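The values are calculated or read from the model by the stated rules, or taken from the named source; none is laboratory data. On a predicted model such as this, the values are computed, not experimentally measured, just so you know. Here Cβ is always computed from backbone atoms with ideal geometry, including for glycine, and neighbour counts include all displayed protein chains.
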Amino acid sequence: MPDIKNIINGCLKGNRRDQELLYRRHAAKLYAVCLQYSGNDEEARDILQEGFIKIFKNLIHYKHEGSFEGWVRRIMVNTALEKYRSKHTLHRVDDIGQIPEIDAEPDNEDYAGLEAIDLLEIIRELPPKYRMVFNLFAIEGYSHKEISKMVNISEGTSKSNLCRARIILQRRVGSYTGLKKKLSNG
């Protein structure tokens, strides 16, 4: 199997086989990234397609320094951010009061039966601005200062959105695991 440097060089020469190889090597992981930032599968596929167009257009700028996977992931995240900003979803969302209260915060035992796919689905159900900030901070590792510039909000708003996202996630995880326990005991 050709190494990534040879595949990139082939792509730069317009070799369709190498372009397909590059796509096949990275599409699944990048689609997972797109799902984290999108509201649904269709939007994730759009982000993936737009992101790969950018990857192929910008391959000439990749300097073979650092991780290629990290480089393409950053392009995908930026593509998702552009999609997010283009939808003008930066409106104030005060839905935290609409989330049903639970008796107690979940403890580690409550998380034990939670599958990763379930957690990703719960994250995808967050309001878009909370999901965006949560993903950028908790998954991508950006600071609130960086997020504020990327999403065009203040650092305080970034911190507030992260806090609200965490509260929503805690409540939904608690509700989810509570329901799961009831179903397994009932």
Can you pull out every residue in region 124-154 that is loosely packed, with under 15 Cβ neighbours inside 10 Å and closer than 21 Å to R74 by Cβ?
A138, I139, G141, S143, K145, K149, N152
Being under 26 Å from K145 (Cβ atoms), touching a residue at least 60 places away in the same chain (Cβ under 8 Å) and out of contact with any Ser or Thr (no Cβ under 9 Å at 6 or more places or on another chain) is the filter here; which residues of region 113-130 pass it?
I123
Residue under question is D46, and the condition is that it be closer than 18 Å to N78 by Cα, of a type in the set (D, E) and outside the structural domain of A138 (by TED's automatic domain parsing); does it hold?
yes
Exposed (fewer than 13 other Cβ atoms within 10 Å of the Cβ), over 27 Å from G174 (Cα atoms) and either of a type in the set (A, V, I, L, M) or modelled with pLDDT of 90 or more (or both): which single residue out of S86, S67 fits that description?
S67
